Amino acid sequence: MLVLSRKKNESIMIGDTIEIKIISVDGDQVRIGIEAPKNLDIYRKEIFDAIQEENRLATKSQNDWSALKQLLQTKLE
């Protein structure tokens, strides 16, 4: 992990197209701004994790339906 120190109004660049800028610092809370291409999805980590879990559950559910369908087809034959 790369760890950097930045002050208000300072930025870091990720590649050529993503800029992360420190907007303000108030106690233990830091506000950041992110400039990135519109086609790039940006999520808070906890939201990203929730999306990944929902996708995992949806895939599992889809697999469960496939198994049930196969079972029913076997019973009907």
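Here is the figure for region 1-25: residues that are among the charged types (D, E, K, R) and under 19 Å from the mean Cα position of the chain (by Cα) total 1. Count of region 26-59 residues, restricted to those that are aliphatic (A, V, I, L, M), within 20 Å of I12 (Cα to Cα) and open to solvent by less than 70 Å² (accessible area, probe 1.4 Å), is 1.
For region 26-57, the set of residues classified as over 18 Å from the mean Cα position of the chain (by Cα) and basic (K, R) consists of R31 only.
The residue pairs whose first member lies in region 28-43 and is on the phi < 0 side of the Ramachandran plot and without any contact (Cβ under 8 Å) to a residue 12 or more places away in the chain, whose second member is assigned to a strand (DSSP E or B) and surrounded by 10 or more Cβ atoms within 10 Å (Cβ to Cβ), and whose beta carbons are closer than 6 Å, counting only pairs six or more residues apart or on different chains, are R31/I23; R31/S24; I42/I34.
Of the residues making up region 26-54, just one is in a loop (DSSP other than H, G, I, E, B) and of a type in the set (F, W, Y), namely Y43.
The values are calculated or read from the model by the stated rules, or taken from the named source; none is laboratory data. In this text, all values refer to a predicted model and were calculated from it rather than measured experimentally. FYI the Cβ positions are ideal-geometry reconstructions off the backbone, even for glycines, and counts take in every protein chain you see. For the accessible areas, the whole protein counts, side chains as well, though only heavy atoms, and no ligand, DNA or RNA atoms are used. Shrake-Rupley method; radii C 1.70, N 1.55, O 1.52, S 1.80 Å.
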